[in-house]
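The values are calculated or read from the model by the stated rules, or taken from the named source; none is laboratory data. In this text the structure is predicted, and so the values were computed from the model without any measurement. Note: ideal-geometry Cβ built from the backbone for every residue, glycine included; neighbour counts use all protein chains shown. Just so you know, the surface numbers come from the protein's heavy atoms only, side chains and all, with ligands and any DNA or RNA stripped out. Shrake-Rupley method; radii C 1.70, N 1.55, O 1.52, S 1.80 Å.
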Amino acid sequence: MSAKPPASIVVLIGPPGSGKTTIGRLLAERLGVGFRDTDADVEAVAGKPVSDIFVEDGEARFRELEHQAVREALAEHDGILSLGGGAVLNEETQGLLDGHHVVYLQVGLSDAVQRVGLGSARPLLVLNPRSQLKKLMEERRPVYERLAVTTVVTDKREPAELADEIVRGLPA
């Protein structure tokens, strides 16, 4: 019988600007575990930034790399894991999240715009960033809500406060 793969302590999901990377690093520090970001994993495999993958290879190729990165991270990493905002759109990825402590970092449009910036290099926000971000958030919200074990509202709150709230909500 094979050993059960490690389960990430927390898997952070949410739209761009929700704070997945910032809060993820704080959580990892507080809990004394590693932090892993699947967007960084994708960039390492591809040898270029996410924005270049989108432009040079297309969104479909990025999504393939992203799913592979999520699958590997969920199987290998036992710390805090941050998923790219669109990773949860893949149905296989949704299934892989079952049994993990998934935290949805919910952010309002105005806070997300402030955090992301309208001059962003984020590939899905190139044309009319505010409108695109609003559309992405509305389309993805039901998936985020369905997958989440916990939802944390991030608007007008400091990352340290959010990390503390997540830690308090973890199972003993």
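What the table below lists for this structure:
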{"read-out": "Check on G95, open to solvent by 40 Å² or more (accessible area, probe 1.4 Å), over 12 Å from the mean Cα position of the chain (by Cα), at pLDDT 90 or above and closer than 18 Å to E145 by Cβ", "value": "yes"}
{"read-out": "When residues of the range 25-36 are limited to those that are in contact with a Gly (Cβ under 7 Å, 6 or more places away or on another chain) and in a loop (DSSP other than H, G, I, E, B), the one surrounded by the fewest Cβ atoms within 10 Å (Cβ to Cβ)", "value": "G34"}
{"read-out": "Tally, over the range 37-76, of residues that are under 16 Å from V88 (Cα atoms) and not in a helix (DSSP H, G or I)", "value": "1"}
{"read-out": "Contacts under 7 angstrom Cβ, first residue in the range 102-122 being closer than 20 Å to L26 by Cα, partner open to solvent by 10 Å² or more (accessible area, probe 1.4 Å) and modelled with pLDDT under 65, 6 or more apart", "value": "V116/R122"}
{"read-out": "Test: residue in the range 54-65 that is crowded, with 18+ Cβ neighbours inside 10 Å, closer than 26 Å to E158 by Cβ and either under 16 Å from the mean Cα position of the chain (by Cα) or at pLDDT below 95 (or both)", "value": "no"}
{"read-out": "Residue among L89, L27, L31 that is within 20 Å of V103 (Cβ to Cβ) and either free of Cβ contacts under 8 Å to residues at least 40 places away in the same chain or more than 17 Å from the chain's Cα centre (by Cα) (or both)", "value": "L31"}
{"read-out": "Odd one out for T22, checked against (1) over 21 Å from P159 (Cβ atoms); (2) open to solvent by 40 Å² or more (accessible area, probe 1.4 Å)", "value": "(1)"}
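To keep it simple, each residue is scored yes or no on (1) under 16 Å from G85 (Cβ atoms); (2) at pLDDT below 80; (3) in a helix (DSSP H, G or I).
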position: G99; (1), (2), (3): no, no, no
position: A112; (1), (2), (3): yes, yes, yes
position: L118; (1), (2), (3): no, yes, no
position: L133; (1), (2), (3): yes, yes, yes
position: M137; (1), (2), (3): yes, no, yes
position: R140; (1), (2), (3): yes, no, yes
position: Y144; (1), (2), (3): yes, no, yes
position: V152; (1), (2), (3): yes, no, no
position: R157; (1), (2), (3): no, no, no
